[in-house]
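Visitor: Have a look at the structure that comes next, please.
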Amino acid sequence: MVPVIAYFGPRGTFAEMALDEVLASHDPSLGGLDLTGGVTKVATSSPAATIAMVRSGEADYGCVPVESSLEGSVPATMDALVPPASSGAAGRVQVFAETVLDIAFTIAAAAPMANEEVRTIAAYPVASAQVRRSVAELFPNAEFLTSGSNAAAAQDVAAGRADAAVTTGLAARLSDLTVLADGVCDAKEATTRFLVLGRPAAPTRRTGTDRTSVILDLANEPGSLMAAMNEFASRGIDLTRIESRPQRDEAEGRAIAGRYRFFLDAVGHIDDAAVAEALAALHRRCERVVYLGSWPAARTTGTPPPDQDESLAWVAAMRRGEY
């Protein structure tokens, strides 16, 4: 059966480009993703819709943006990763792969036109934040209009709703647009990290350059965050991301005043003894721990967890009376 992979669309978004990169570089020997026999790609309207398709079983996997080097984490993805408290393991999704794309945008119009003639530019909010200064210099008479995605911005131009779009080169070609400017971005070396996730399964095998991610709900009491962080620090585990999002009342869909959940990325794999110990300690300490997975990091940062093999062998020898 051909796997179905949903992605934050429509066609031509960076998410589709990221998915294509994961498919091209996938190593079947690592396990995790079962992509035998090709795949069927399905575009969705949002990161939340992508993850919902995975949860419901309509899609086997999903590809969503999670972190921009300029704008930080993608809130819509972070919130959608949190399973309903009543769903148990059935509501959890798990990450099996990631990729990092270098991000630069194409400014495209329906037909050739002078830069000063451009009055409206359709853009996804995350994109407009990354090109605002450049667009002001290139198109001094233009103002931004909000689009639902980078590809949707190109479609808005093709439909006559805007003079130009902040989009991708792929989306500009798909909508038969004329490129006015290419490689546009306010910052050099801008990147976005994308995740490929599915329903819970055995994680991708340990590679030695891995990332483990969890979501924590902590008791609302002094020192609870510090105590959770110490489970990693005391074991020499490097945290590469610590972020908070407001907890929400699931029935009413509103934020709970003063309550937050924490998203943590750690260097290492659940098969690393130190990481496994930290996760077990968090399970004892926290109100809820959601394991998002362990997978190969696309770009290595931080210090690997300490190798405990020698210490564990010493303990084993004592148990056998050999030390």
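Visitor: For segment 87-138, which residues satisfy the criterion of being more than 25 Å from the chain's Cα centre (by Cα), closer than 30 Å to Ala298 by Cβ and part of a helix (DSSP H, G or I)?
Guide: Across segment 87-138, the qualifying residues are Arg133, Ser134, Val135.
Visitor: Also: Which of the helices (runs of 4 or more DSSP H) contained wholly in segment 218-323 include at least 2 residues that are out of contact with any His (no Cβ under 7 Å at 6 or more places or on another chain) and over 27 Å from Pro200 (Cα atoms)?
Guide: 224-233, 309-319
Visitor: If you don't mind, another one. Return the only residue of Arg206, Arg193 being at pLDDT 95 or above and under 21 Å from Asp271 (Cβ atoms). Lay out the reasoning, then the answer.
Guide: On the way: Arg193 fails: under 21 Å from Asp271 (Cβ atoms).
Every option except Arg206 fails the conditions.
Visitor: Sticking with this structure for a sec: Taking Pro304, is it open to solvent by 70 Å² or more (accessible area, probe 1.4 Å), on the phi < 0 side of the Ramachandran plot and touching a residue at least 24 places away in the same chain (Cβ under 8 Å)?
Guide: Yes, satisfied.
Visitor: Just one of Glu277, Glu287, Glu243 is under 18 Å from the mean Cα position of the chain (by Cα), open to solvent by 40 Å² or more (accessible area, probe 1.4 Å) and under 23 Å from Val95 (Cβ atoms); which is it?
Guide: Matching residue, one of Glu277, Glu287, Glu243: Glu243.
Visitor: Now for a separate question. Select, from Ala297, Ala313, the only residue that is of a type in the set (A, V, I, L, M), farther than 30 Å from Glu221 by Cα and within 23 Å of the chain's Cα centre (by Cα).
Guide: Checking each option against the conditions leaves just Ala297.
Visitor: Take segment 109-146 and flag every residue that is open to solvent by less than 60 Å² (accessible area, probe 1.4 Å), over 24 Å from Ala76 (Cβ atoms) and out of contact with any Asp or Glu (no Cβ under 9 Å at 6 or more places or on another chain).
Guide: Listed by number, the residues that qualify are Ala111, Ala114, Asn115.
Visitor: What about Val54, is it farther than 17 Å from Ala152 by Cβ, part of a helix (DSSP H, G or I) and touching a Lys or Arg at 6+ places or on another chain (Cβ under 7 Å)?
Guide: Yes; evaluated as a whole, the condition is true for this residue.
Visitor: Then there is this: Within segment 23-68, which residues are surrounded by fewer than 17 Cβ atoms within 10 Å (Cβ to Cβ) and among the small types (Gly, Ala, Ser)?
Guide: Ala24, Ser25, Ser29, Gly31, Gly37, Gly38, Ser45, Ser46, Ala48, Ser56, Gly57
Visitor: Still on this structure, I have one more. Checking the structure you have, find out if any residue of segment 36-50 is over 19 Å from Ala171 (Cβ atoms) and either aliphatic (A, V, I, L, M) or touching a helix residue (DSSP H, G or I) at 6+ places or on another chain (Cβ under 6 Å) (or both). Walk me through it before giving the result.
Guide: Step one: filter segment 36-50 for residues over 19 Å from Ala171 (Cβ atoms), giving 36-40, 48.
With either aliphatic (A, V, I, L, M) or touching a helix residue (DSSP H, G or I) at 6+ places or on another chain (Cβ under 6 Å) (or both) added as a condition, the list becomes 39, 48.
Yes, because at least one residue in segment 36-50 is over 19 Å from Ala171 (Cβ atoms) and either aliphatic (A, V, I, L, M) or touching a helix residue (DSSP H, G or I) at 6+ places or on another chain (Cβ under 6 Å) (or both).
Visitor: May I pose another question? Within segment 147-161, track down each residue that is free of Cβ contacts under 8 Å to residues at least 60 places away in the same chain and either surrounded by fewer than 24 Cβ atoms within 10 Å (Cβ to Cβ) or not hydrophobic (A, V, I, L, M, F, W, C) (or both). Working first, answer last.
Guide: The initial filter retains those residues of segment 147-161 that are free of Cβ contacts under 8 Å to residues at least 60 places away in the same chain, namely 147, 153, 156-161.
Listed by number, the residues that qualify are Ser147, Asp156, Ala158, Ala159, Gly160, Arg161.
Visitor: In addition: Just checking, which of Asp238, Asp217 is farther than 12 Å from Cys286 by Cα, of a type in the set (Asp, Glu) and touching a strand residue (DSSP E or B) at 6+ places or on another chain (Cβ under 6 Å)? Before you say what the answer is, go through the steps one by one.
Guide: On the way: Asp217 fails: farther than 12 Å from Cys286 by Cα.
None of the others qualify; the one that does is Asp238.
Visitor: Just the residues that are under 22 Å from Ala85 (Cβ atoms), open to solvent by less than 50 Å² (accessible area, probe 1.4 Å) and touching an Asp or Glu at 6+ places or on another chain (Cβ under 6 Å), please, taken from segment 253-270.
Guide: Arg261, Phe263
The values are calculated or read from the model by the stated rules, or taken from the named source; none is laboratory data. For clarity, every value in this text was computed on a predicted model and none was experimentally measured. Here the Cβ is made from the backbone with ideal geometry for all residues, glycine too, and neighbour counts use every protein chain on show. Just so you know, the surface numbers come from the protein's heavy atoms only, side chains and all, with ligands and any DNA or RNA stripped out. Shrake-Rupley method; radii C 1.70, N 1.55, O 1.52, S 1.80 Å.
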